1. Expressed as an acute angle from 0 to 90° and rounded to the nearest 10, what is the orientation of the C-alpha long axis of helix 59-82 relative to the principal long axis of the chain?
2. How much of the accessible area of the chain, in percent, comes from carbon and sulfur atoms when a 1.4 Å probe is used?
3. What residue among Val182, Ala171, Pro259 has its Cα farthest toward the positive end of the dipole of the range 84-291, where the charges are +1 on Lys, Arg and -1 on Asp, Glu, each on the Cβ?
4. Let me spell out the model: positive unit charges on the Cβ of Lys and Arg, negative unit charges on the Cβ of Asp and Glu, origin at the Cα centre of the range 3-80. What dipole size does that give, in debye rounded to 20?
5. Indicate the gyration tensor shape class of the chain (rounded, prolate or oblate), computed on the Cα atoms with a ≥ b ≥ c the square roots of the eigenvalues: a/c under 1.5 is rounded; otherwise a/b larger than b/c is prolate and the rest oblate.
6. If you stretched the chain out fully between Ser203 and Ala70, how much longer would it get, using 0.36 nm times the residue separation minus the C-alpha to C-alpha distance?
7. Using only Cα atoms, find the angle between the long axis of helix 211-221 and the longest principal axis of the chain, and express it within 0 to 90 degrees, rounded to the nearest 10.
8. Where does helix 3-15 land angle-wise versus the long Cα axis of the chain, in degrees 0 to 90, nearest 10?
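The values are calculated or read from the model by the stated rules, or taken from the named source; none is laboratory data. Treat the numbers as computed from the prediction; the structure is a model and nothing was measured. Cβ coordinates were reconstructed from backbone atoms using ideal geometry, including for glycine residues, and neighbour counts include every protein chain displayed. These area figures cover heavy atoms from the full protein model, side chains too; ligands, DNA and RNA do not enter into them. Shrake-Rupley method; radii C 1.70, N 1.55, O 1.52, S 1.80 Å.
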Amino acid sequence: MDTELARTFLTVVEAGNFISAAERLHVSQSTVSTRIHTLEDLLGCVLFVRNKAGTTLTHSGRQFQKHATALVRTVAQARHDIGIPEGFSGTLVIGGRIGLWEEFLLQWLPLMQKAAPTISVRAESGLEPEVMQGLIEGRVDIGVMYTPQSRPGLKVEQLFDERLVMVSTSARHTPEPLDNYVYVDWGPEFYARHSASFPNFGSPSLTVNIGWLGLQHLMKNEGSGYFPLRIVLPHLSAKRLHLVAGAPEFSIPAYVVYPADSEHEAISVAVDSMHRLAAATKGKIAAKPVRRPAQAKR
């Protein structure tokens, strides 16, 4: 079977419809439809129920999903094994949000290199849909993210709770009105809690989906925004940034996702070292007294 057909099938499952799948695969919708029809003819069954709301897996589609995942992952693993750099015994691809590379995964890299010196690591950054798609297709061995999706064959473990605090370049900043505010898209859970805490919040002048970008803008142009406490601690200590008095604090969990049935020993080493680093990071933040903001004024 052409693995491109299996990969297209998994992309449709992940995207929920043919149009979004075509955008992710950078092909036309007709190409996606043709591939799925070819796959259904090859298997002799219908894989999707198509309607205006999108696509839904049939019983046969659900049965095929695990085989498609295994097929794509096996081919990807073969490419990994064949393409091992000289002097190494294996490779490991790590995908994570940029915000989790900052002050966490970047600290994890040297720990991994010390624990498994014969493993070549490929570090990638991306948002949750991209990293999840890489995990499903087998192109990514381990994903670190805020909002993973439950998928057959993938194991999800929480690493730590990310503490998001409102900081400002001014020590006299108040939670509302949100002037010169940078809204960072930390995911749907943050959006829901942010909306509940700031019901009168309109459209921000600047919205970013990468925390690093928002923080750089804030430092150079003044204003306020929500960022992980572990990242802004050095700026708070140096008084380049200040906690906004009265602003609520939000907590979102960070997870590590990896194949549940993988025989790649390096994955176990990597995940264990991430858990140890997460525990150490949590202890480090707890050791530094930070004034807990009061509830926002209504």
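1. 80 degrees
2. Carbon and sulfur together cover 52 percent of it.
3. Ala171
4. Roughly 180 debye, rounded to the nearest 20.
5. Oblate is the answer for the chain, as a/c is 1.5 or above yet b/c matches or exceeds a/b.
6. Taking Ser203 through Ala70 to full extension adds about 43.5 nm, to one decimal.
7. 30 degrees
8. Relative to the chain, helix 3-15 is tipped by roughly 40 degrees.
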